[in-house]
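**Student:** Sharing a structure below in structure tokens format, with a few things to ask.
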Amino acid sequence: MIISKNDDQNLLPTTVIGRSVARSKRWLVAVVRIYHEKKTSERLTKMGIENFLPIQQEVHKWSDRRKVVDRVLLPMMIFVHVDPQEQKEVLTLSAISRYMVLRGESTPAVIPDQQMLRFKFMLDYSDETISMSTSPLAPGEKVRVIKGPLAGLEGELVNVDGKSKVAVRLTMLGCACVDIPVGCVEPVSE
């Protein structure tokens, strides 16, 4: 079969034609109206925009009962993985007011992919409660978890209130920390 220059466009799916420019996606932090995080995450998903809402299950105890509830780890924040076009679309939702920016800058701050992967892994596999620390933590020794459900996670070994914790630093947001016995980690050689 011989294909002329004009025929090859007809063979390509319409999604390929005219979209040869690669658009890189980045993780940004969208600021959401208080208590609208879950609904906004659902709407973003329906729009086809990749997003991540860090939620952790907690057991609340009363004198007569217990209840498992979902707690939003970072109130008023949703992570979105967007290209420049999707970045504009996200702001069309009424519950989202803006993107988080670094002090003194006007462009949205980007969370590195590696930090997001570590944070998501920690949330998915941790049996312990994860806490966010916004107070500055002294840099700790780089470690890798070798035992337990978080095996493979890399972070920093830090001391918070006399307890050993593995911390994953998130640009602008502080550190996500989880209790871990020192025997479950090994130093990472760089």
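**Student:** For segment 82-109, name all the residues that are open to solvent by less than 60 Å² (accessible area, probe 1.4 Å), in contact (Cβ under 8 Å) with a residue 12 or more places away in the chain and outside any helix (DSSP H, G or I). Outline the logic, then answer.
**Tutor:** Step one: list which residues in segment 82-109 are open to solvent by less than 60 Å² (accessible area, probe 1.4 Å), which gives 82-83, 86-87, 90, 93, 95-96, 99-101, 108-109.
Subsequent filtering for residues that are in contact (Cβ under 8 Å) with a residue 12 or more places away in the chain retains 82-83, 86-87, 90, 93, 95-96, 99-100, 108-109.
Correct list: V82, D83, L93, A95, I96, Y99, M100, P108, A109.
**Student:** Something else now. Do the conditions hold for V69, that is, is it under 30 Å from K163 (Cα atoms) and open to solvent by less than 40 Å² (accessible area, probe 1.4 Å)?
**Tutor:** Numbers: under 30 Å from K163 (Cα atoms): yes; open to solvent by less than 40 Å² (accessible area, probe 1.4 Å): yes.
Answer is yes for this residue.
**Student:** Right, next: Keeping to segment 143-178, report how many residues are under 16 Å from S126 (Cβ atoms) and in a loop (DSSP other than H, G, I, E, B). Give the steps one after another, and end with the answer.
**Tutor:** From segment 143-178, those under 16 Å from S126 (Cβ atoms) are 143-158, 160, 163-168, 170, 175-178; that's our starting set.
Within this subset, residues satisfying the condition of being in a loop (DSSP other than H, G, I, E, B) are 146-153.
Residues in segment 143-178 being under 16 Å from S126 (Cβ atoms) and in a loop (DSSP other than H, G, I, E, B): 8 in total.
**Student:** Turning to a different aspect of this structure: Of the residues that make up segment 114-134, is at least one at pLDDT below 90, surrounded by 17 or more Cβ atoms within 10 Å (Cβ to Cβ) and over 20 Å from L28 (Cα atoms)?
**Tutor:** Within segment 114-134, one or more residues are at pLDDT below 90, surrounded by 17 or more Cβ atoms within 10 Å (Cβ to Cβ) and over 20 Å from L28 (Cα atoms).
**Student:** Next up: Quick check, is R19 modelled with pLDDT under 95 and among the charged types (D, E, K, R)? Give the derivation first.
**Tutor:** Details: modelled with pLDDT under 95: yes; among the charged types (D, E, K, R): yes.
So R19 fits the description; yes.
**Student:** When R144 is evaluated against the numbered criteria (1) free of Cβ contacts under 8 Å to residues at least 40 places away in the same chain; (2) more than 18 Å from the chain's Cα centre (by Cα), which criterion, by number, is the only one it fails?
**Tutor:** With (1) free of Cβ contacts under 8 Å to residues at least 40 places away in the same chain; (2) more than 18 Å from the chain's Cα centre (by Cα) applied to R144, the lone miss is (1).
**Student:** If you take the residues of segment 52-73 that are more than 19 Å from Y35 (Cα to Cα) and assigned to a strand (DSSP E or B), which of them is modelled with the lowest pLDDT?
**Tutor:** Within segment 52-73, the subset more than 19 Å from Y35 (Cα to Cα) is 59, 61-67.
Adding the requirement that they be assigned to a strand (DSSP E or B) leaves 59, 61, 66-67.
On the way: V59: 86, K61: 91, R66: 93, K67: 92.
So, considering only residues that are more than 19 Å from Y35 (Cα to Cα) and assigned to a strand (DSSP E or B), the one modelled with the lowest pLDDT is V59.
**Student:** Being within 25 Å of V72 (Cα to Cα) and open to solvent by 10 Å² or more (accessible area, probe 1.4 Å) is the filter here, so list the residues in segment 174-190 that pass it.
**Tutor:** G174, D179, I180
**Student:** Within segment 110-142, work out how many residues are part of a strand (DSSP E or B) and under 22 Å from V182 (Cα atoms). Reasoning before the result, please.
**Tutor:** To start, the set of residues in segment 110-142 that are part of a strand (DSSP E or B) comprises 110-111, 131-133, 141-142.
If we keep only those that are under 22 Å from V182 (Cα atoms) as well, we get 131-133, 141-142.
Final tally of qualifying residues: 5.
**Student:** While we're on this one: Going by the structure shown, is P149 of a type outside the set (A, V, I, L, M, F, W, C) and in contact (Cβ under 8 Å) with a residue 40 or more places away in the chain? Write out each step before concluding.
**Tutor:** Working: of a type outside the set (A, V, I, L, M, F, W, C): yes; in contact (Cβ under 8 Å) with a residue 40 or more places away in the chain: no.
In short, no.
The values are calculated or read from the model by the stated rules, or taken from the named source; none is laboratory data. In this text the structure is predicted, and so the values were computed from the model without any measurement. When we count neighbours, we look across all protein chains shown, and the Cβ atoms used for this are built from the backbone with ideal geometry, even at glycine. Please note that ligands, DNA and RNA were not included when accessible areas were found on the heavy atoms of the full protein model with its side chains. Shrake-Rupley method; radii C 1.70, N 1.55, O 1.52, S 1.80 Å.
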